[in-house]
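Heads up: the structure comes next, in C-alpha cells.
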Amino acid sequence: MPTETERVVQCIVDLALARFTVNHVEATGHAAAVAREVAGDIDMTVQPMMGGEDFSYMLEARPGAYIFVGNGDTAMVHHPAYDFNDEIAPVGA
C-alpha cells in the first residue's frame, strides 16, 4: 500500500505527463464562424474539461480547434448507450 507521500508524488508525476488540449484562438474563431453559418446559433459556453487529450498532439503540430458538434439526445460518447447520429456526419465534416 503506497504511503500518502508516494500518492502525492504519483499525482504530481501524472499531472506533469498529462496532455492538455488547448485550441488556437484564430482557429477557434474560424470554427465558430463556420458553425454559425451551418447551424445558426451556437453555444460557446462549454466549460474547460479533460477530453480530447489525443487531439492535443495534432494541435502541437498544426493550429486548430477541438469543437463539439452535437449529436442530438443521446448519452455521451464512450457510454454504452451512446448512439451516433449518422445524419450529423455531413454537417460535422
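Quick notes
- Rounded percent of accessible protein surface that carbon and sulfur make up, the stretch 17-63, 1.4 Å probe: 60 percent
- Those GluC sites (Glu not before Pro) in the stretch 30-78 that DSSP places in a loop and that have at most 14 other beta carbons within 10 Å: 53
- Average accessible area per residue (Å²) across the chain - probe 1.4 Å, nucleic acids and ligands excluded: 85 Å²
- Dipole in debye (nearest 20) - the chain, about Cα centre, beta carbon charges: Lys, Arg +1; Asp, Glu -1: 260 debye
- Based on DSSP H segments of at least four residues, each scored -39500 (n - 2.57), the chain has a per-residue ellipticity at 222 nm of -12500 deg cm²/dmol.
- Radius of gyration, Dmax [the chain; alpha carbons; angstrom]: 17.4, 56
- Looking at the chain, the trypsin sites (Lys or Arg not before Pro) that sit in a DSSP loop and have at most 14 other Cβ atoms within 10 Å of their own Cβ are 19.
- Each of 2, 42, 61 was placed along the dipole of the chain (beta-carbon charges, centred on the mean Cα), and the one lying farthest toward the positive end is 61.
- Sites matching chymotrypsin sites (Phe, Trp or Tyr not before Pro) across the stretch 1-87 that sit in DSSP coil, with at most 14 neighbouring C-beta atoms within 10 Å: 20, 68, 82, 84
The values are calculated or read from the model by the stated rules, or taken from the named source; none is laboratory data. Just so you know, these numbers come straight off a predicted model, no measurement behind them. Cβ: placed from backbone, ideal geometry, glycine included. Neighbour counts: every protein chain shown. To get the accessible areas, we keep the full protein, side chains included, count just its heavy atoms, and leave off ligands, DNA and RNA. Shrake-Rupley method; radii C 1.70, N 1.55, O 1.52, S 1.80 Å.
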